[in-house]
1. Of the residues that sit in region 114-124 and are of a type in the set (S, T, N, Q) and not in a strand (DSSP E or B), which one is modelled with the highest pLDDT?
2. Consider Trp90 against the criteria (1) buried (at least 19 other Cβ atoms within 10 Å of the Cβ); (2) closer than 23 Å to Val125 by Cβ: it satisfies all of them except one. Which criterion is unmet?
3. Condition (residue is farther than 30 Å from Pro96 by Cβ and in contact with a Gly (Cβ under 9 Å, 6 or more places away or on another chain)) applied to region 42-62: is it met by at least one residue?
4. Consider region 46-77. How many of its residues are within 14 Å of Ala18 (Cβ to Cβ) and not polar (S, T, N, Q)?
5. Kindly establish whether Thr29 is of a type in the set (Ser, Thr, Tyr) and under 28 Å from Val77 (Cα atoms).
6. I want to confirm something. Restricting to region 41-61 and keeping residues that are of a type in the set (A, V, I, L, M) and under 14 Å from Ala11 (Cβ atoms), which single residue is surrounded by the most Cβ atoms within 10 Å (Cβ to Cβ)?
7. Looking at (1) under 30 Å from Gly30 (Cα atoms); (2) touching an Asp or Glu at 6+ places or on another chain (Cβ under 9 Å); (3) surrounded by 15 or more Cβ atoms within 10 Å (Cβ to Cβ), find the lone condition where Ile71 falls short.
Amino acid sequence: MNNSLLWQVRAFVYRHFAETTYAPSIEDTGRHVNIKLEEAGTLYKELHKRHVFFLEPETLTIRMANPFSGIPTDFRVHANGKTYFANCAWDMLGIPAALHTDAIIEAVCAESNDAVQLEIKNSQVTNSDLLIHLPLPFARWYDDMVFT
């Protein structure tokens, strides 16, 4: 396995999410890195295996590249004039950190269905009275990333 190429693909996927708010297709990745689709698919599978990102089952479609979600979720992060989707409450805080920017976060509380809004300014949450509940300990997150 060509580790240099593997990390080029990883960097491209994250840069694509940061610039566009959505996951690149396998075709986008192949074109950008100048490799055949089969090789890009092999690299996607290896990155999935290493938990760098997560593919939709039986596909080469990126579901998650933490903290970014490849599908719409209840965790919207407005930053740099764009709206990103996070996978969970933890990741909604990770997007502004990854982008090194302020953000407004809109989320829905899973327990009450109440709307929640947070502001991240200068790397700080301005609504410090809110808590995030993680339903599973970190050691079990990879048992089922979609549920977690």
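The values are calculated or read from the model by the stated rules, or taken from the named source; none is laboratory data. Because the structure is predicted, anything quoted here is derived from the model rather than measured. Positions of Cβ are backbone-derived with ideal geometry, glycine not excepted, and every protein chain shown enters the neighbour counts.
1. Asn122
2. Only one criterion is unmet by Trp90, namely (1).
3. no
4. Residues of region 46-77 within 14 Å of Ala18 (Cβ to Cβ): 53, 62, 65-70, 77.
Still in the running and not polar (S, T, N, Q): 53, 62, 65, 67-68, 70, 77.
So the count comes out to 7.
5. Numbers: of a type in the set (Ser, Thr, Tyr): yes; under 28 Å from Val77 (Cα atoms): yes.
Yes; evaluated as a whole, the condition is true for this residue.
6. Step one: list which residues in region 41-61 are of a type in the set (A, V, I, L, M), which gives 43, 47, 52, 55, 60.
This time we only want the ones that are under 14 Å from Ala11 (Cβ atoms), so: 43, 47, 52.
Working: Leu43: 25, Leu47: 20, Val52: 17.
Only one residue tops the list, namely Leu43.
7. (3)
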